[in-house]
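Below: the structure, in structure tokens.
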Amino acid sequence: MPEQVDPLTIMEEDLKRALKKAPDQRQWAMVIDLKKCVGCHACTISCIAENVLPPNVIYRVVFEEESGEFPNTKRKFIPRPCMQCDNPPCVPVCPVKATWKREDAIVAIDYNKCIGCGRCVRACPYNARSLDYARFYTDGTPKIEDYEKRPSFEYKKKWPRVKYAPPMLSARKCHFCIHRIENGVLGTCTTTCIGRATYFGDANDPDSLVSKKLKTPGAAVLRPELGTKPRVYYLGL
């Protein structure tokens, strides 16, 4: 029996192939298999560490859902990153055009333009956006620890964690780890998923693993009735 190839190895090759194309020729997408998600929250913790997120800013929440009656009960874990909608409600409400839909399908935020008004936060029907209130986990202690002041490399830029400098006081959200994928490295939520429940890649590439997963019967998006056209899909929803 042939040895099974780790999905991460396949997705890494898919990523390299996608990066050889022009940005407008690739469309990033994510598929999350809920039958494989074990609710370990590794994706949540690794995302916080990777993006140096402050208190109350979480890009990758994992919701827990219980159903049935004892003793026949079930638990389902539902990771919820930004949906990277093709019709994003957060974009048109921004008064300074600080958020937009990139040609590669990612919804991005310009921290230098964002005024922290919170309109996009309220407009998101998935609660996938948060405001950065310039807080540290070690506020109120004798010293704000150095690990909280590490620079963040979001959107391929270096953002020092200095009080009230961008991205502080800005709207923040998942961005599919742009700083990683554009350097040929899969996003941290994908690589740390112990159940290999997260698939990422170029949906425009029919040979990519994520494209094949998108063709799985039952692949669905959250709240399709809203017409937001998410780029994050679920199996077993």
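The values are calculated or read from the model by the stated rules, or taken from the named source; none is laboratory data. Note that the structure is a prediction, hence the values are computed from the model and not measured. With ideal geometry, Cβ positions are generated from the backbone for all residues, glycine too; neighbour counts draw on all protein chains shown.
Has the range 59-72 got at least one residue that is farther than 27 Å from Ala203 by Cβ, over 15 Å from the mean Cα position of the chain (by Cα) and buried (at least 19 other Cβ atoms within 10 Å of the Cβ)?
Here is the first cut: in the range 59-72, the residues farther than 27 Å from Ala203 by Cβ are 64, 66-72.
Still in the running and over 15 Å from the mean Cα position of the chain (by Cα): 64, 66-72.
From what's left, buried (at least 19 other Cβ atoms within 10 Å of the Cβ): none.
No, that holds for no residue.
The residue that is surrounded by the most Cβ atoms within 10 Å (Cβ to Cβ), counting only those in the range 114-148 that are closer than 16 Å to Cys47 by Cα and charged (D, E, K, R), is Arg129.
Here is the figure for the range 89-113: residues that are assigned to a loop (DSSP other than H, G, I, E, B), among the aliphatic types (A, V, I, L, M) and buried (at least 20 other Cβ atoms within 10 Å of the Cβ) total 3. Only one entry of Val93, Val62 meets the criterion of being among the β-branched types (Val, Ile, Thr) and either under 16 Å from Gly187 (Cβ atoms) or modelled with pLDDT under 95 (or both), and that entry is Val62.
Residues of the range 151-166 that are of a type outside the set (Phe, Trp, Tyr), exposed (fewer than 13 other Cβ atoms within 10 Å of the Cβ) and touching a residue at least 24 places away in the same chain (Cβ under 8 Å): Pro151, Lys156, Lys163. Scanning the range 130-147 for residues that are within 26 Å of the chain's Cα centre (by Cα) and either within 24 Å of Gly118 (Cα to Cα) or basic (Lys, Arg) (or both) yields Ser130, Leu131, Asp132, Tyr133, Ala134, Arg135, Phe136, Tyr137.
Just one of the listed residues (Leu169, Leu186, Leu237, Leu222) is within 13 Å of the chain's Cα centre (by Cα), in a loop (DSSP other than H, G, I, E, B) and either surrounded by fewer than 19 Cβ atoms within 10 Å (Cβ to Cβ) or touching a residue at least 12 places away in the same chain (Cβ under 8 Å) (or both), and it is Leu186.
Report yes if some residue within the range 206-216 is in a strand (DSSP E or B) and crowded, with 20+ Cβ neighbours inside 10 Å; otherwise report no.
Initial filter on the range 206-216 (in a strand (DSSP E or B)): none.
No, every residue in the range 206-216 fails to be in a strand (DSSP E or B) and crowded, with 20+ Cβ neighbours inside 10 Å.
Filtering the range 73-88 down to residues that are part of a strand (DSSP E or B) and within 17 Å of the chain's Cα centre (by Cα), which residue is farthest from Glu182 (Cα to Cα)? Explain how you work it out, then say what you get.
The initial filter retains those residues of the range 73-88 that are part of a strand (DSSP E or B), namely 73-80.
Those still in the list that are within 17 Å of the chain's Cα centre (by Cα) too: 77-80.
Values: Phe77: 29, Ile78: 27, Pro79: 23, Arg80: 22 Å.
Per the stated criteria, the residue is Phe77.
Among residues of the range 225-234 being buried (at least 16 other Cβ atoms within 10 Å of the Cβ) and in a loop (DSSP other than H, G, I, E, B), the one that is farthest from the chain's Cα centre (by Cα) is Thr228.
Residues that are surrounded by fewer than 16 Cβ atoms within 10 Å (Cβ to Cβ) and modelled with pLDDT under 95: does the range 76-86 have at least one? Please lay out each step first, then the result.
If we filter the range 76-86 for residues that are surrounded by fewer than 16 Cβ atoms within 10 Å (Cβ to Cβ), which is where we start, we get 76, 86.
Pick out the ones that are also modelled with pLDDT under 95 and you get 76.
Yes, the conditions are met somewhere in the range 76-86.
Within the range 12-36, the set of residues being surrounded by 10 or more Cβ atoms within 10 Å (Cβ to Cβ) and closer than 14 Å to Asn183 by Cα comprises Glu12, Glu13, Asp14, Leu15, Lys16, Arg17, Ala18, Leu19, Lys21, Pro23.
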